[in-house]
1. Report yes if D268 is closer than 12 Å to L147 by Cβ and surrounded by fewer than 16 Cβ atoms within 10 Å (Cβ to Cβ), otherwise no.
2. Kindly indicate whether any position in segment 270-277 is under 25 Å from P75 (Cα atoms) and at pLDDT 95 or above.
3. Mind checking whether some residue in segment 25-37 is out of contact with any His (no Cβ under 6 Å at 6 or more places or on another chain), of a type in the set (K, R), open to solvent by 10 Å² or more (accessible area, probe 1.4 Å) and part of a helix (DSSP H, G or I)?
4. Residue by residue through segment 230-247, note down the ones that are open to solvent by less than 30 Å² (accessible area, probe 1.4 Å) and either more than 17 Å from A212 (Cα to Cα) or part of a strand (DSSP E or B) (or both).
5. Regarding segment 300-312, can at least one residue be identified that is touching a Phe, Trp or Tyr at 6+ places or on another chain (Cβ under 9 Å), assigned to a helix (DSSP H, G or I) and closer than 18 Å to V182 by Cβ?
6. What number of residues in segment 143-198 are closer than 14 Å to P98 by Cβ and of a type in the set (S, T, N, Q)?
7. For segment 176-219, enumerate the residues that are among the hydroxyl-bearing types (S, T, Y) and either over 30 Å from Q141 (Cβ atoms) or open to solvent by less than 10 Å² (accessible area, probe 1.4 Å) (or both).
8. Right, T296: of a type outside the set (A, V, I, L, M), open to solvent by 40 Å² or more (accessible area, probe 1.4 Å), part of a strand (DSSP E or B) and out of contact with any Pro (no Cβ under 6 Å at 6 or more places or on another chain) or not?
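The values are calculated or read from the model by the stated rules, or taken from the named source; none is laboratory data. Because the structure is predicted, anything quoted here is derived from the model rather than measured. So basically every Cβ, Gly included, is an ideal-geometry build from the backbone, and we count neighbours across all protein chains shown. The area values use the complete protein model at the heavy-atom level, side chains included, leaving out ligands, DNA and RNA. Shrake-Rupley method; radii C 1.70, N 1.55, O 1.52, S 1.80 Å.
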Amino acid sequence: MEKCYRWGVLGLGSIANRFMSGMALVERAQLYAVASRSAEKAYAFQAKYHAEKALSSYEALVADPQVDIVYVATPHPMHLRHAQMALKAGKHVLIEKPVCVNTAELDLLRQTADREGRFVMEAMWTRFFPVNLQVVRWLRQGRIGRLRQIQAAFSYGSQMGDGQSRIYNPLLAGGALMDVGVYPISYADMCYGQPPERIAALADFTPTGVDALSNYLLLYPSGGSAMLSGGISCYQRDTALLWGDQGSIEVPDFWHPSRAILTTDQGDEVYESPVANEGFQYEIEHVHQCLDQGLTQSPVMSLDVSRRVLAVCDAIRAQIGLRFPFETQI
């Protein structure tokens, strides 16, 4: 009989609510405990999603012996501290993207994970959609020949208000790059499977000092390139376009896709995989499969992969001059 896993959730904001839409579709996932700094928020989340326990202390959640896996959904600068706390308590950990704010933090996380011998993974859900797994298969099969260029953007319009919201606040590692730019960067990494050798970046900024729209050109050792963009100040089509010397692939809504179109001299081939709810179930099921096998790293989204992506973000921030007030190094 397959094992059921008891989940604990740290941080009960919008992403945690969306995550629950996927957990509801995974038979082996049990929402056991939820924790927030606000007891009222914890009890409301418990009632909405039928968790067994609601706690107003993160420490109490990770100390609970019934919790198997902790999902860290707190703001970006808290990811390292909360993930380390869970790992040291003997829990496996899934950490919302970006896994950490910079590579220096990620290296500290890896040290803790290695010492504790527990599973840890960044919740880059995009990598686990069936459509994107099919895109990777097409690339590995050489269906479009040599990959020469990727174009992808994830950008939306928003209002700054008083500047204290997560996406505009530098104290919370806000800005386009860390909120949505990381998706096309990770997508390019998924397709090329190697770090870029050259990076060029440009950005404009909000009055709060974080990037409103940033653009990235990445050149890879294979000779391919990626033209990418992330924004919180304007809307762009979130379609990924992959061009090879023998064909192309188009992926509408690449960060949570249900369809991809392969085009070659033989015509179009469409791969469709309708997504129930939002699609968080795919990464949850992957975590379970890894734990079933006793793995401490995902073969799809290892910490090495996360580090490659964060290293690109570090380089971009160095070029555009974006440094968060709480950082000691990047």
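1. no
2. No, segment 270-277 contains no residue that is under 25 Å from P75 (Cα atoms) and at pLDDT 95 or above.
3. Scanning segment 25-37 turns up no residue that is out of contact with any His (no Cβ under 6 Å at 6 or more places or on another chain), of a type in the set (K, R), open to solvent by 10 Å² or more (accessible area, probe 1.4 Å) and part of a helix (DSSP H, G or I).
4. G230, G231, T239, A240, L242, G244, G247
5. yes
6. The qualifying residues number 1.
7. S186, Y187, T206, T208, S214, Y216
8. Criteria not met by T296.
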